[in-house]
1. Taking each pair of distinct Cα atoms in the chain once, what is the resulting Kirkwood hydrodynamic radius in Å?
2. With an 8 Å cut-off on Cα pairs and a minimum separation of 6 or more residues, tell me the relative contact order of the chain in percent.
3. Kindly express, to the nearest 10 degrees and within the range 0 to 90, the angle between helix 91-104's C-alpha long axis and the longest C-alpha principal axis of the chain.
4. Working from the alpha-carbon coordinates of the stretch 44-97, get Rg over Rh, Rh being the Kirkwood radius.
5. If I take R0 = 35 Å and measure r between the Cβ atoms of MET1 and THR62 in this structure, what FRET efficiency does the formula 1/(1 + (r/R0)^6) give, to the nearest 0.05?
6. What number, rounded to the nearest 500 deg cm²/dmol, is the helix-based mean residue ellipticity at 222 nm of the chain, given -39500 (n - 2.57) per DSSP H run of at least four residues and division by all its residues?
7. Output the 0 to 90 degree angle, nearest 10, between the alpha-carbon long axis of helix 4-39 and the longest principal axis computed from the alpha carbons of the chain.
Amino acid sequence: MVSLASAAGYGAVGGLVFDCARLWHWLSGWQEARHEARTAHKPLPPLTDFIDARSDISVAVTRALLGCVAGALLRGEVSGIYPLLTVGASAPAVLLGLGRVAKLGPSSEPSGKDV
């Protein structure tokens with residue numbers, strides 16, 4: 001089994017990988033817009049039209065923290081680095097799902113009686 005610190009770390013990295021992929025998507029859009037503007041002899045669009053640093057960094061840090069928590073919580077359920085990276089990348093959805101299951105609890109199970 002992976003250590004607690006390693007599981008948390010891999011989960012956090014998984015969350016950051018997700019945000020790096022989003023950043024790449026935004027940068028690609030900016031690059032394309034700059035090429036189009038250059039071809040049309042128009043002013044080049046600034047990077048801030050595509051990236052809002054404050055909110056994007058806040059979301060990336062939050063996703064890394066959620067990945068860290070998810071990796072730590074689920075380290076006994078998954079084996080290996082790649083599953084922990086995946087848990088980290090999908091941490092918001094995983095943790096929301098776990099929260100819903102915890103809220104349902106045993107009292108929400110069907111009683112077996114016909115309604």
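Throughout, read-outs are computed from the coordinates displayed, never taken from laboratory work. For clarity, every value in this text was computed on a predicted model and none was experimentally measured. Ideal geometry is used to build each Cβ from the backbone, glycine not excepted, and the neighbour counts take in all protein chains shown.
1. It works out to 16.6 Å.
2. Relative contact order of the chain: 43 percent.
3. 30
4. 1.18
5. 0.80
6. Roughly -24000 deg cm²/dmol at 222 nm, from the helical runs in the chain.
7. 30
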